[in-house]
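Below is one structure, written out as structure tokens; the observations come after it.
The values are calculated or read from the model by the stated rules, or taken from the named source; none is laboratory data. Because the structure is a prediction, the values reported are computed rather than measured. No Cβ is skipped: glycine too gets one built from the backbone with ideal geometry, and neighbour counts run over all protein chains shown. The area values use the complete protein model at the heavy-atom level, side chains included, leaving out ligands, DNA and RNA. Shrake-Rupley method; radii C 1.70, N 1.55, O 1.52, S 1.80 Å.
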Amino acid sequence: MKKMVIFSVLLVITSCACISSDSNPTTLKEGVLTVGVFKYVPPAVYEENGELKGYEVDLISEIAKRMDLKVEYKEYRFSDLLNAVANNEVDCAISDLAVTPEREKIVSFSRAYSKTDIILVVPDDSSITKLTDIVGKKIGVTKGTVDDDKSVELLKSINFEVFRYDNHDELYAALTNGEIDAIISEKNNFDTVQNSGIKCLNEPIATIYSGIAVNKNNKELKSKINDIILELEEESFNQ
């Protein structure tokens, strides 16, 4: 797996428990942090041999540990994650959730802990060499993601056809199979794809930052999560 750019070095997870159990935030279930996930966004969250893995899984596990909470995951389609948080079906949600003004109308976000670029991915032999070359082309996105939002924004100035897929695996398979001409994706997702027949354009479409989604009314939980993310940043920088 190629190295991705991390906003703060949170992959270096330590075992020190710095927040005691008597300072637990409000959670739906006592002693449990219920986390909404979409398990198709490597390297942040993915499933391997029936087990959830990824750097966000490591992060939320460490956050729960420092709150003296157990983690319970609830799986959702990506497009349903934020509503699950807003409707108090889960305490929070992860899965490479980019922080945007539109999403902040629905939920609150923790401190950003990673960043990546939105890019255009094409077959190696594609005639597309710049963004404006997608005029009249079939462009794929993962439904409900910030990439989907970006495609809607681009349609205001460039004429192309959008094809929406349920997850990144289906999206990249569609590109490989020739169903679409290009895809809008996040660079960290592209870096996990083991496919020598595709490439990304050098110029990013946009840069995004990711955080943990929390219900807007649960200020205590957001505060505790932010405290721990800051602790992890400071510990990483001091190593």
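Before moving on, here are some points about what is shown:
- Projecting label points 7 angstrom from Cα along Cα→Cβ for residue 160 and residue 87 puts them 3.3 nm apart.
- For the residue pairs 39/138; 70/115; 74/216; 156/222; 137/222, alpha carbon separations beyond 31 Å are given by 156/222; 137/222.
- Virtual spin-label span in nm between residue 74 and residue 58, 7 Å along Cα→Cβ: 2.8 nm
- By average C-beta atoms within 10 angstrom, highest first, the peptides 140-150, 168-178: 140-150, 168-178
- Screening the chain for whole DSSP H helices of 15 Å or more along their axis (Cα) with average Kyte-Doolittle hydropathy at least -0.5 returns 55-66.
- Counting only Cβ charges, +1 for Lys and Arg and -1 for Asp and Glu, the dipole size of the chain around its Cα centre is about 400 debye.
- Structural descriptor for the stretch 116-208: relative contact order 50 percent, calculated from alpha carbon pairs under 8 angstrom and at least 6 residues apart.
- Carbon/sulfur fraction of accessible area - the chain, other protein chains in place, 1.4 Å, %: 46 percent
- The stretch 116-208 shape via C-alpha gyration tensor axes, a/c threshold 1.5: rounded
- Take the chain with all the other protein chains still there, run a 1.4 Å probe, and you get 48 Å² of accessible area per residue.
- Antiparallel bridge percentage (DSSP; both residues within the chain; nearest 5): 60 percent
- Anchor residue 219: aspartates and glutamates whose Cα lies under 15 Å away (excluding residues fewer than 8 positions away in-chain): 91, 104, 227
- Using the Cβ-Cβ distance between residue 30 and residue 234 with R0 set to 25 Å, the FRET efficiency from 1/(1 + (r/R0)^6) comes to roughly 0.25.
- Across the chain, the mean sequence separation of Cα contacts (distance under 8 Å, 6 or more residues apart), normalised by length, yields a relative contact order of 29 percent.
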